[in-house]
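The values are calculated or read from the model by the stated rules, or taken from the named source; none is laboratory data. Quick caveat, the model's predicted, so the values are computed rather than measured. Glycine gets a Cβ as well: all are built from the backbone with ideal geometry, and neighbour counts include every protein chain shown.
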Amino acid sequence: MNISELFKIKKVVFSLEIFPPKKDNSVNVIYNTLLKLRGLPVDFMSVTYGSGGNISQREKTCEIASLIRSAYHIEPVAHLTCVNSDEEEIRETLKKLKENQILNILALRGDINPDVPPKKVFQHASDLVRFIQETDPDFNIIGACYPECHYESNSIEEDIQNLKKKIDHGVTHLITQLFFDNRNFYSFLEKVRQTGITVPIEAGIMPIVNKNQIERIVSMCGASVPAKLAKIINRYADNPTALKDAGIFYATEQIMDLIENGVQGIHLYTMNNVETAARISDNIQNIIAAENDKSGIQ
Ligand code: FAD
């Protein structure tokens, strides 16, 4: 199934992101996570891809995506980065994905790791998008976008011009980097639409459930933290259970506001935290169902 087609039949698409177990952990540890996530009313589940040099780590993406389809009957999306790969490696990965009937790919460049020199075969995600299209047009290709600008771009306008190249090469839908302030998303959306990009855009939401997490996330992706969220984090920093409740509440409010303002999809960065994903899903599932009913396209 081409998951980008979902936007034609649903007003609000709901998806989850999970990551493969780290380093030497067996894929078995993800079984438990998936088992608990399986009852959630999700339209698709995406699996991240390690862009470093560790091949066995990379292979886990295909393995887990395949499991999501076969054991849980949920449509999988495999993330794929290109910064450390050559054409042969990408061709091999595409072959494996197709053999496993994984035909939806989130095509990414990947972050440049100072310890792993890039292969320079694929300079940007748009090169990967073009390569996938040329290799096998059966794949549906999704892309990433950045409401607060990608850290290598000089301006949001420049970043959006580059984003357009991905669309021109065949990306059919976009998922945003996580953000905590919806105003940044709305302003980004306006600029994107003015540039003539019309593909559906899902909003990436990450619930903050502990203090270390926010520090790590902000340093990794540069998302700005609005005063309201900063206050919540400081207020409950020493009370993990209260902070978790508050983080879930904040993410739920963010999603409600996005839905009220016509967002086409919500992509929840679960961090493999089943309880949090389930609580947020519980909070919003009737609302999403009502939106889809109201539009008469569910
Ligand atoms: P690109 O689209 O190539 O953009 C990177 C930079 O290059 C931007 O500044 C852009 O403006 C510029 N640029 C793009 N095209 C051109 C061009 N043609 N000419 C000049 N400049 C250009 N990382 C992982 O390692 N594994 C994952 O699974 C993963 N999943 C992600 C999922 C989502 C939804 C998001 C938002 C990010 C994810 N990332 C992942 C992180 C991502 O790899 C990094 O953000 C990376 O730095 C950029 O990837 P990209 O595909 O957006 O790159």
Taking the criterion of being within 27 Å of Ala230 (Cβ to Cβ), buried (at least 18 other Cβ atoms within 10 Å of the Cβ) and more than 8 Å from the ligand (Cβ to nearest atom), would at least one residue in the stretch 172-180 satisfy it?
yes
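Got a number for residues in the stretch 139-165 being in a helix (DSSP H, G or I) and in contact with a Leu (Cβ under 8 Å, 6 or more places away or on another chain)? Talk me through it step by step, then tell me what you get.
Of the residues in the stretch 139-165, the ones in a helix (DSSP H, G or I) are 156-165.
Then keep just the ones that are in contact with a Leu (Cβ under 8 Å, 6 or more places away or on another chain); that gives 163.
The total comes to 1.
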Taking Val42, is it within 16 Å of the chain's Cα centre (by Cα), touching a residue at least 40 places away in the same chain (Cβ under 8 Å) and more than 13 Å from the ligand (Cβ to nearest atom)?
yes
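Checking the conditions here, which among Asn239, Asn286 is out of contact with any Gly (no Cβ under 7 Å at 6 or more places or on another chain), within 23 Å of Lys11 (Cβ to Cβ) and at pLDDT 95 or above? I'd like the intermediate steps shown before the answer.
Details: Asn239 fails: within 23 Å of Lys11 (Cβ to Cβ).
When all the criteria are applied, what remains is Asn286.
Just to check your reading of the model, which residue among Gly262, Gly204 is surrounded by 15 or more Cβ atoms within 10 Å (Cβ to Cβ) and at pLDDT 95 or above?
Numbers: Gly262 fails: surrounded by 15 or more Cβ atoms within 10 Å (Cβ to Cβ).
Exactly one of Gly262, Gly204 is surrounded by 15 or more Cβ atoms within 10 Å (Cβ to Cβ) and at pLDDT 95 or above, namely Gly204.
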For the stretch 174-190, which positions are hydroxyl-bearing (Ser, Thr, Tyr) and outside any helix (DSSP H, G or I)?
Thr176
Residues located in the stretch 131-148, provided they are within 8 Å of the ligand (Cβ to nearest atom) and over 15 Å from Ala78 (Cβ atoms):
Cys145, Tyr146
